[in-house]
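> Submitted below is the structure of interest, expressed as C-alpha coordinates.
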Amino acid sequence: MSEPHVPALNVRGVAVYPGLLDRAAQEALAEAVRGIVQAAPLFRPVTARGREMSVRMTSAGSVGWVSDRRGYRYEPRHPSGVDWPPIPPEVLAVWRRVSGDAADPDCCLVNFYDEGAKMGMHQDRDEADVSHPVVSISLGDEALFRIGNRERGGKTESLWLRSGDVLVMGGDARLLHHGIDRVKPGTSTLLREGGRLNLTLRVAL
Ligand code: SIN
Ligand code: MN
(Lines give C-alpha, C1' and ligand atoms only; values in the text may rest on other atoms or scores of the structure.)
(Ligands and ions follow the chains in the order given, each with its own letter.)
Protein backbone atom coordinates (compact mmCIF):
# COMPACT_ATOMS: atom_id res chain seq x y z
CA MET A 1 0.00 0.00 0.00
CA SER A 2 1.04 3.58 -0.60
CA GLU A 3 2.66 5.79 2.04
CA PRO A 4 0.30 7.84 4.17
CA HIS A 5 -0.53 11.07 2.29
CA VAL A 6 -1.41 12.95 5.46
CA PRO A 7 1.69 14.38 7.15
CA ALA A 8 2.25 13.09 10.64
CA LEU A 9 2.43 15.36 13.65
CA ASN A 10 5.16 14.30 16.01
CA VAL A 11 4.08 14.48 19.64
CA ARG A 12 6.91 13.16 21.84
CA GLY A 13 7.81 10.69 19.12
CA VAL A 14 4.20 9.52 18.64
CA ALA A 15 3.27 9.89 14.95
CA VAL A 16 -0.25 11.30 14.70
CA TYR A 17 -2.04 11.28 11.32
CA PRO A 18 -5.04 13.61 11.68
CA GLY A 19 -7.89 12.64 9.37
CA LEU A 20 -5.98 9.81 7.69
CA LEU A 21 -9.25 7.90 7.18
CA ASP A 22 -12.02 9.54 5.19
CA ARG A 23 -15.69 9.10 6.04
CA ALA A 24 -16.15 6.06 3.77
CA ALA A 25 -13.14 4.34 5.34
CA GLN A 26 -14.43 5.17 8.84
CA GLU A 27 -17.85 3.73 7.97
CA ALA A 28 -16.25 0.53 6.65
CA LEU A 29 -14.24 0.19 9.85
CA ALA A 30 -17.29 0.84 12.05
CA GLU A 31 -19.15 -1.88 10.13
CA ALA A 32 -16.19 -4.24 10.57
CA VAL A 33 -16.27 -3.54 14.32
CA ARG A 34 -19.99 -4.41 14.40
CA GLY A 35 -19.02 -7.81 12.98
CA ILE A 36 -16.35 -8.27 15.66
CA VAL A 37 -18.79 -7.34 18.42
CA GLN A 38 -21.42 -9.76 17.09
CA ALA A 39 -18.93 -12.63 17.28
CA ALA A 40 -17.22 -11.53 20.50
CA PRO A 41 -19.46 -9.18 22.54
CA LEU A 42 -18.09 -6.18 24.40
CA PHE A 43 -17.44 -6.87 28.08
CA ARG A 44 -16.44 -4.68 30.96
CA PRO A 45 -13.03 -5.78 32.26
CA VAL A 46 -12.19 -5.78 35.95
CA THR A 47 -8.75 -4.84 37.25
CA ALA A 48 -6.73 -7.21 39.43
CA ARG A 49 -7.93 -5.12 42.37
CA GLY A 50 -11.54 -5.80 41.42
CA ARG A 51 -12.40 -2.37 39.98
CA GLU A 52 -14.62 -2.32 36.89
CA MET A 53 -13.15 -0.35 33.99
CA SER A 54 -15.42 2.31 32.48
CA VAL A 55 -14.39 1.28 28.95
CA ARG A 56 -15.97 -1.84 27.42
CA MET A 57 -13.71 -4.06 25.35
CA THR A 58 -13.39 -6.96 22.99
CA SER A 59 -10.73 -8.12 20.53
CA ALA A 60 -10.10 -9.63 17.13
CA GLY A 61 -7.09 -11.71 16.15
CA SER A 62 -5.42 -14.89 17.35
CA VAL A 63 -5.26 -13.41 20.85
CA GLY A 64 -7.25 -10.82 22.75
CA TRP A 65 -6.37 -8.58 25.65
CA VAL A 66 -8.26 -9.31 28.87
CA SER A 67 -8.15 -8.15 32.45
CA ASP A 68 -9.76 -9.81 35.46
CA ARG A 69 -8.90 -10.66 39.06
CA ARG A 70 -5.92 -12.66 37.70
CA GLY A 71 -4.49 -9.54 36.07
CA TYR A 72 -3.81 -8.31 32.51
CA ARG A 73 -2.86 -10.73 29.76
CA TYR A 74 -3.44 -11.94 26.22
CA GLU A 75 -5.80 -14.89 25.90
CA PRO A 76 -6.63 -17.10 22.91
CA ARG A 77 -10.38 -16.87 23.63
CA HIS A 78 -13.06 -14.38 24.67
CA PRO A 79 -14.15 -14.74 28.32
CA SER A 80 -17.29 -16.58 27.09
CA GLY A 81 -15.05 -19.28 25.57
CA VAL A 82 -15.58 -18.38 21.89
CA ASP A 83 -12.60 -17.74 19.58
CA TRP A 84 -11.83 -14.10 18.83
CA PRO A 85 -12.88 -13.31 15.24
CA PRO A 86 -10.12 -12.61 12.69
CA ILE A 87 -8.81 -9.06 12.30
CA PRO A 88 -10.89 -7.57 9.44
CA PRO A 89 -8.95 -6.79 6.22
CA GLU A 90 -9.87 -3.07 6.37
CA VAL A 91 -8.21 -2.88 9.78
CA LEU A 92 -5.10 -4.76 8.65
CA ALA A 93 -4.83 -2.35 5.71
CA VAL A 94 -4.44 0.60 8.11
CA TRP A 95 -1.64 -1.20 9.97
CA ARG A 96 0.16 -1.97 6.70
CA ARG A 97 -0.19 1.65 5.61
CA VAL A 98 1.31 3.30 8.68
CA SER A 99 3.17 0.83 10.90
CA GLY A 100 6.36 0.41 8.86
CA ASP A 101 6.48 -3.08 10.38
CA ALA A 102 7.08 -6.26 8.40
CA ALA A 103 4.93 -8.38 10.71
CA ASP A 104 1.14 -8.21 10.83
CA PRO A 105 -0.59 -7.66 14.17
CA ASP A 106 -2.05 -10.66 15.99
CA CYS A 107 -4.36 -8.58 18.20
CA CYS A 108 -6.83 -5.81 17.54
CA LEU A 109 -8.19 -4.54 20.84
CA VAL A 110 -11.55 -2.77 20.51
CA ASN A 111 -12.29 -0.17 23.19
CA PHE A 112 -15.75 1.37 23.40
CA TYR A 113 -16.19 4.61 25.35
CA ASP A 114 -19.67 5.81 26.17
CA GLU A 115 -20.37 9.04 27.99
CA GLY A 116 -18.16 9.30 31.06
CA ALA A 117 -15.77 6.49 30.08
CA LYS A 118 -12.04 7.14 30.29
CA MET A 119 -8.75 5.27 30.51
CA GLY A 120 -6.12 5.97 33.12
CA MET A 121 -2.46 6.57 32.27
CA HIS A 122 -0.71 3.29 31.44
CA GLN A 123 1.99 1.74 29.26
CA ASP A 124 1.30 -0.93 26.63
CA ARG A 125 3.82 -3.49 27.80
CA ASP A 126 2.11 -6.88 27.88
CA GLU A 127 3.56 -7.72 24.46
CA ALA A 128 6.46 -10.15 24.05
CA ASP A 129 8.50 -7.89 21.75
CA VAL A 130 8.02 -4.13 22.07
CA SER A 131 10.18 -3.44 19.02
CA HIS A 132 6.87 -3.76 17.11
CA PRO A 133 4.87 -0.52 17.15
CA VAL A 134 1.31 0.04 18.34
CA VAL A 135 -1.18 1.49 15.84
CA SER A 136 -4.30 3.16 17.19
CA ILE A 137 -7.40 4.18 15.21
CA SER A 138 -10.05 6.59 16.52
CA LEU A 139 -13.69 6.40 15.39
CA GLY A 140 -16.70 8.37 16.62
CA ASP A 141 -16.72 11.05 19.30
CA GLU A 142 -13.64 13.16 20.06
CA ALA A 143 -11.39 12.13 22.92
CA LEU A 144 -8.73 13.92 24.89
CA PHE A 145 -5.57 11.80 24.65
CA ARG A 146 -2.79 12.43 27.12
CA ILE A 147 0.83 11.47 26.44
CA GLY A 148 3.35 11.28 29.25
CA ASN A 149 6.75 9.74 29.77
CA ARG A 150 8.37 6.34 30.05
CA GLU A 151 8.41 6.69 33.80
CA ARG A 152 5.19 7.35 35.69
CA GLY A 153 4.37 10.99 36.31
CA GLY A 154 6.10 14.10 35.00
CA LYS A 155 4.86 16.61 32.46
CA THR A 156 2.30 15.47 29.89
CA GLU A 157 0.87 16.77 26.61
CA SER A 158 -2.70 16.37 25.47
CA LEU A 159 -4.37 16.34 22.09
CA TRP A 160 -7.90 15.79 20.85
CA LEU A 161 -8.28 12.65 18.75
CA ARG A 162 -11.07 12.81 16.17
CA SER A 163 -12.83 10.21 14.05
CA GLY A 164 -10.46 9.00 11.35
CA ASP A 165 -7.27 9.96 13.18
CA VAL A 166 -4.56 7.30 13.41
CA LEU A 167 -1.48 7.27 15.59
CA VAL A 168 1.62 5.12 15.79
CA MET A 169 3.61 4.56 18.96
CA GLY A 170 6.91 3.03 17.95
CA GLY A 171 10.62 3.33 18.63
CA ASP A 172 11.38 5.57 21.60
CA ALA A 173 7.67 6.39 21.95
CA ARG A 174 6.58 2.76 22.24
CA LEU A 175 6.55 2.67 26.03
CA LEU A 176 5.28 6.17 26.79
CA HIS A 177 2.48 6.36 29.32
CA HIS A 178 -0.81 7.42 27.74
CA GLY A 179 -4.51 7.55 28.53
CA ILE A 180 -7.88 9.05 27.66
CA ASP A 181 -9.07 11.80 30.01
CA ARG A 182 -12.53 12.19 28.53
CA VAL A 183 -14.74 11.82 25.50
CA LYS A 184 -16.86 14.71 24.21
CA PRO A 185 -20.37 13.34 23.51
CA GLY A 186 -22.17 14.34 20.32
CA THR A 187 -19.06 15.39 18.41
CA SER A 188 -19.37 12.75 15.67
CA THR A 189 -22.23 11.29 13.64
CA LEU A 190 -20.31 8.13 12.70
CA LEU A 191 -21.72 5.77 15.33
CA ARG A 192 -25.52 5.61 15.40
CA GLU A 193 -25.66 5.30 19.18
CA GLY A 194 -22.84 7.79 19.75
CA GLY A 195 -19.70 7.13 21.76
CA ARG A 196 -16.16 6.43 20.68
CA LEU A 197 -14.37 3.36 19.36
CA ASN A 198 -10.65 2.91 19.53
CA LEU A 199 -8.91 0.08 17.71
CA THR A 200 -5.44 -0.75 19.01
CA LEU A 201 -3.34 -3.04 16.82
CA ARG A 202 -0.37 -4.86 18.30
CA VAL A 203 1.98 -7.76 17.71
CA ALA A 204 1.31 -9.40 21.06
CA LEU A 205 3.05 -12.78 21.01
C1 SIN B 1 -5.47 2.41 24.87
O2 SIN B 1 -4.43 2.95 25.17
O3 SIN B 1 -5.66 1.20 25.03
C4 SIN B 1 -6.60 3.21 24.25
C5 SIN B 1 -6.24 4.56 23.76
C6 SIN B 1 -7.41 5.21 23.07
O7 SIN B 1 -8.56 4.89 23.39
O8 SIN B 1 -7.19 6.07 22.20
MN1 MN C 1 -2.70 1.74 25.66
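> Tell me the per residue accessible area of the chain using a 1.4 Å probe; a whole number in Å² is fine.
Details: 9900 Å² over 205 residues.
Spelled out: the 1.4 Å probe surface of the chain, per residue, equals 48 Å².
> Roll a 1.4 angstrom probe over the protein heavy atoms and tell me the percent of accessible area of region 69-146 that is carbon or sulfur.
About 48 percent, which is the carbon plus sulfur part of the accessible surface.
> Below 8 Å, C-alpha to C-alpha, sequence gap of six or more: please give me the relative contact order for region 71-169 in percent.
Details: 84 pairs, mean separation 23.0, N = 99.
Reported relative contact order: 23 percent.
> Can you work out the PRE-style zone for E151? Point 7 Å along Cα to Cβ, and I want the residues of region 158-188 with backbone N under 15 Å.
What the label zone holds, given the 15 Å backbone N cut-off, is 176-177.
> Another question, if that's okay. Over the chain, what is the relative contact order in whole percent, taking alpha-carbon pairs under 8 Å and six or more residues apart?
26
> Scaled to the compact-protein estimate 2.2 N^0.38 Å, what is the alpha-carbon radius of gyration of the chain, rounded to two decimal places? It would help to have the intermediate numbers written out before the result.
On the way: Rg = 15.6 Å, N = 205, 2.2 N^0.38 = 16.6 Å.
Dividing the Cα Rg of the chain by 2.2 N^0.38 Å gives 0.94.
> Quick one: work out Rg over Rh on the C-alpha atoms of region 33-153, Rh as Kirkwood radius. Write down the numbers at each step before the final one.
Numbers: Rg = 14.5 Å, Rh = 15.5 Å.
Result: Rg/Rh = 0.93.
The values are calculated or read from the model by the stated rules, or taken from the named source; none is laboratory data. Please read these numbers as outputs of a predicted model, since none were measured by experiment. Backbone-built Cβ (ideal geometry, glycine too); neighbour counts: all protein chains shown. Note: accessible area is taken over every heavy atom of the protein model, side chains too, but ligands, DNA and RNA are not part of it. Shrake-Rupley method; radii C 1.70, N 1.55, O 1.52, S 1.80 Å.
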